[in-house]
Amino acid sequence: MAKQDSKSDLAGLLSADRERVVDQWIGSVVGSLKGRISKAEVDRELRELYAALVEALAAGGEDARGDNLSETRALLTELSRNRARQGFTPSETAISVLALKKAFEPALRDGTAEDTDRYLRLSRILDDLALFTIETYTRTREEIISSQATQLMELSTPVVKLWDGVIAVPLVGTLDSARTQVVMEKLLQALVDTGSEQAIIDITGVPAVDTQVAQHLLKTIVAARLMGAECTVSGIRPQIAQTIVALGIEFGDIVTKATLADALQLALKKSGIDLVAHQGGGR
């Protein structure tokens, strides 16, 4: 690397052998991603990033979190969020920045002490930018996980129309505060949408009922009652019944049934629907 005058800065370091450096950088990143992103896309991302970095350094900005590097950070934010959505790891994301350091190493063999000093300054900037990519990646992954958890919670809490005027919420798994809110919202909306006056909350799939779960159930039932619906809790197995008694949990005037079939039969009866017994004892 040729020695530059005292007025040159880090932008000069990036501009001295630009095409070779950028091509090697792109090649390293493409290789690390193992074909999961096209070379054309990586080429576009990194050339834009390199141009923004050169422009920022030419303006005298060496603070990775400073205003001069805001455009560089914006491009890194987009890159990091895309990598997070595409399922890449934090290391595979950070390498898009850190691989640039390696691209400068061949030139250092014939460089001067001044060149080495510039390289070290650039390395510190790139390290900070790599940390920024990981921070952005992590926030994006947390957003994705939170969104997926909400979607799974909604999918695991369906509201089923069993009959005209009768809906049911079959619960499976642990019932916590967040899920109770989802259950309550979906149940109330279903009552409005279907005009139902009978609601069954089936807890056959709930592994255990403690005081907290009981409180969550009661809140949901009270909310449904405020909408003018009568609620029945089904799926009260012997073990759950014993637990409820042992904990001293009071369900008050809330009707409970052992099975969903029993609860549906009661709800239909309350709706004024007569069930006709068929031969063999079925209905």
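The values are calculated or read from the model by the stated rules, or taken from the named source; none is laboratory data. Since the structure is predicted, the reported quantities are computational estimates derived from the model, not experimental observations. Here the Cβ positions follow ideal geometry from the backbone for every residue, glycine too, while neighbour counts run over all protein chains shown. Please note that ligands, DNA and RNA were not included when accessible areas were found on the heavy atoms of the full protein model with its side chains. Shrake-Rupley method; radii C 1.70, N 1.55, O 1.52, S 1.80 Å.
Wholly within the stretch 1-115, which helices (runs of 4 or more DSSP H) include no fewer than the required count, namely at least 2 residues that are more than 28 Å from the chain's Cα centre (by Cα)?
Numbers: elements: 10-16, 18-33, 39-58, 70-85, 90-108.
Result: 10-16, 18-33, 39-58, 90-108.
Looking at Ala16, is it closer than 16 Å to Phe104 by Cα, aliphatic (A, V, I, L, M) and open to solvent by 60 Å² or more (accessible area, probe 1.4 Å)? Step through it out loud before you land on a result.
On the way: closer than 16 Å to Phe104 by Cα: yes; aliphatic (A, V, I, L, M): yes; open to solvent by 60 Å² or more (accessible area, probe 1.4 Å): yes.
Taking the combined requirement at face value, the residue satisfies it.
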(request) Could you tell me whether the stretch 33-51 includes any residue that is touching a helix residue (DSSP H, G or I) at 6+ places or on another chain (Cβ under 7 Å) and either in contact (Cβ under 8 Å) with a residue 60 or more places away in the chain or not assigned by the TED database to the domain that holds Gln148 (or both)? (result) no
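I need the full set of residues from the stretch 260-283 which are modelled with pLDDT of 85 or more and open to solvent by 60 Å² or more (accessible area, probe 1.4 Å), in order please.
Leu260, Ala261, Asp262, Gln265, Lys269, Lys270
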(message) Can you tell me which of (1) surrounded by fewer than 22 Cβ atoms within 10 Å (Cβ to Cβ); (2) among the basic types (Lys, Arg); (3) over 22 Å from Tyr119 (Cα atoms) is the one Arg83 doesn't meet?
(response) (1)
(request) Hey, can you tell me all the residues within the stretch 179-199 that are open to solvent by 20 Å² or more (accessible area, probe 1.4 Å) and among the basic types (Lys, Arg)? (result) Lys186
(request) Count, please, the residues in the stretch 164-175 that happen to be modelled with pLDDT under 85 and open to solvent by less than 70 Å² (accessible area, probe 1.4 Å). (result) 2
(request) Can you tell me which residue within the stretch 91-105, out of those that are in contact (Cβ under 8 Å) with a residue 60 or more places away in the chain and open to solvent by less than 60 Å² (accessible area, probe 1.4 Å), is nearest to Leu76 (Cα to Cα)? (result) Ser96
(request) Working only within the stretch 217-248, note down all residues that are modelled with pLDDT of 85 or more, over 21 Å from Ala267 (Cβ atoms) and either touching a Leu at 6+ places or on another chain (Cβ under 9 Å) or among the aliphatic types (A, V, I, L, M) (or both). (result) Val245, Ala246
(request) Starting from residues that are farther than 12 Å from Ala208 by Cβ and either touching a His at 6+ places or on another chain (Cβ under 9 Å) or assigned to a loop (DSSP other than H, G, I, E, B) (or both), keep the ones in the stretch 236-248 and report whichever is most open to solvent (accessible area, probe 1.4 Å). (result) Gly248
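If you go through the stretch 144-154 one residue at a time, do you hit one that is farther than 30 Å from Thr204 by Cα and surrounded by 12 or more Cβ atoms within 10 Å (Cβ to Cβ)?
yes
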